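Written out below as structure tokens is the structure these notes cover.
Only the coordinates and a few stated rules stand behind these numbers; no lab work does. Treat the numbers as computed from the prediction; the structure is a model and nothing was measured. Cβ placement follows ideal geometry from the backbone for every residue including glycine, while neighbour counts extend to all protein chains displayed.
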Amino acid sequence: MRRSGASMAKATLTIKQVLNYQTNHAAWFAANQALFNQVAAFYFEVIAAHEKVLDLSNKEALTALEMLTHTTKKNPAPVIPLADIVKDIPAMFRRAAINAALGSARSFYSHLSQWRKRKEMALAKGKKWTLRPPTPPRSWNKSATLYAGQWKERTGSSIVLKVWTGTCWSWIKVRITGRELPDDVEMGSPSLTQRGNQWWLHTPIEKQFANPGKIEKQVTTNAETRICAVDLNLNEQLAVCTIQTVEGTILATTFIGGGRAISGFRKHLLGRIARNRRKTGMIAEGEQDNADLWRKINNGDEHIAHLVSARIVRFAKMHGASILVFEHLGNLQPEKGKYSRRGNTKRAFWMKGRIFNFAKYKAWNRGIITSRVNPRNTSRECYRCHGLIVRYAEGQPVSGYTPGTPLCLCPECQMRGNSDRNASLVIGSRLIERYAEPSKEKPHALARRAEGVEKSTGVALSQDAKREEKPSISQARQGDGNAHGTAPGARRRMGTPPPSIPTQLRLFTE
Ligand SMILES: [Zn+2]
């Protein structure tokens, strides 16, 4: 294992393939899944009654749970026999269900213990504690995982599956269509997954790729290394991405829009929630009234975060970037105004966190490493000379700093352009500067910047003395629509349904 460990990295992907089957088989797949969930729910209960099982490794826990439930010659009288609930469960079906239950139980109990800790801390500080504890899954709707033994004879175009038909176990052959499995991968256990009326085969695969190497090494040893820097916003342009090389050449820019559409969608739903609350009386913050509306908002945000992060990574890959860089999100500034407005800003901020998390994971799967830099003044500084920029809107006087406006000018080096693009370039150069040798940082950075200027505008600079001064920047980045706040992870829930959102939100402008 050590042999390839140093230069190879791994990523897990899911290959989704449509199944072609006789119409009556759909009912069998459904019966098979219902049985799988019945068995998984049974094991969740067994684990709940024997919480100590969770201290064991998955393998040991599996053995312990089988001892508690499975009747054999050696184990003739288990404490909670599975056979009392269902009979004739194939061993591999049972084991897949046990592992599904273990996964859910581990997640639930770790949420529960976090909740207990936080409650204890809050009460110790004399604070009020109103957050409800996490709830165990009420209904089970997991896809059945097919361990070896539950399937055979898999080819590029067909597979033979052992399924519960509702009355017996039966082997059936189904045709597979869609994307084929790549050759050079390690395949995990497939699962039978329903989406709408269609059944799919989902197969996790582990892909090996050349390790992209540490950021420091990439930046310090290769001036051609390409960096994709991303400025995330709360306005129409949700993300502005730029590609630059370590030596400073700017190669491409893209604007990923859609901010107004998602904001309008959210605002509309938040307004409905506010009206419902006025009708029914105010309910404490954090309570899940209007559950359907909340779910819609959550799904909408998640959907957009997936689309935006996918586009960021596609853009980075298309331009050969091997590093993706964002700024740290900082804290959400409390905002005044109506409930729907405050709620909207908070969720837009959370969505930025999701975009970062999704992009990080998607980038890794494509061999790109993600980093973050200090957000201080990224929208106020000039990417070329670090001077303070003037920010304004079309038709406005070119002076002062109006937060959130689209145009910028650097009075020091005459750089003119789009404010968000400038911020994105600042983010990228900040990462490069982190690894610049301290003794050489200034001359290097200056040379790099001067070169960049000539390339893009043809204006030669002779103000080195001026630029030696460090700009005295004291204003924090604020009020430019980039409010800051808590991480989104805190409000993720178990078993969040897949996103569904009206198609108008898919509209993006390049
Ligand atoms: Zn400048």
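Please compute the Kirkwood hydrodynamic radius of the stretch 12-152 from all pairs of different C-alpha atoms, in Å with one decimal.
Values: mean 1/r = 0.0576 Å⁻¹.
Taking the inverse mean of 1/r over all distinct Cα pairs, the stretch 12-152 comes out at 17.4 Å.
If one puts a single equal scatterer on every Cα of the stretch 333-404 and applies the Debye formula without solvent, what log₁₀ I(q)/I(0) results at q = 0.19 Å⁻¹? Cα-only, vacuum Debye calculation for the stretch 333-404: -1.02. Label positions at Gln198 and Leu13, each projected 7 Å from the Cα along the C-beta direction, are separated by 1.9 nm. Ranking Ser170, Asn99, Gly188 by how far each Cα lies toward the positive end of the dipole of the stretch 92-217 (charges on Cβ) leaves Asn99 at the top.
Sorted by average packing, counted as other Cβ atoms within 10 angstrom per residue and highest first, what order do 409-422, 249-262 take? Walk me through the numbers before you get to the answer.
On the way: 409-422: 20.4, 249-262: 18.4.
By packing density, highest mean first, the sequence is 409-422, 249-262.
When +1 charges are put on Lys and Arg Cβ atoms and -1 charges on Asp and Glu Cβ atoms, the dipole computed for the stretch 150-285 relative to its Cα centre reaches about 1180 debye. Across the stretch 388-439, Cα-Cα pairs farther apart than 14 Å form 55% of the total. Per-residue extension of 0.36 nm, minus the Cα-Cα distance of Glu206 and Thr220, leaves a gain of 2.0 nm for this segment.
Let a ≥ b ≥ c be the square roots of the eigenvalues of the Cα gyration tensor of the stretch 151-293; is it rounded (a/c under 1.5), or, if not, prolate (a/b larger than b/c) or oblate? Spell out each step's value before the answer.
Numbers: a/c = 2.95, a/b = 1.09, b/c = 2.72.
Cα axes put the stretch 151-293 in the oblate bin.
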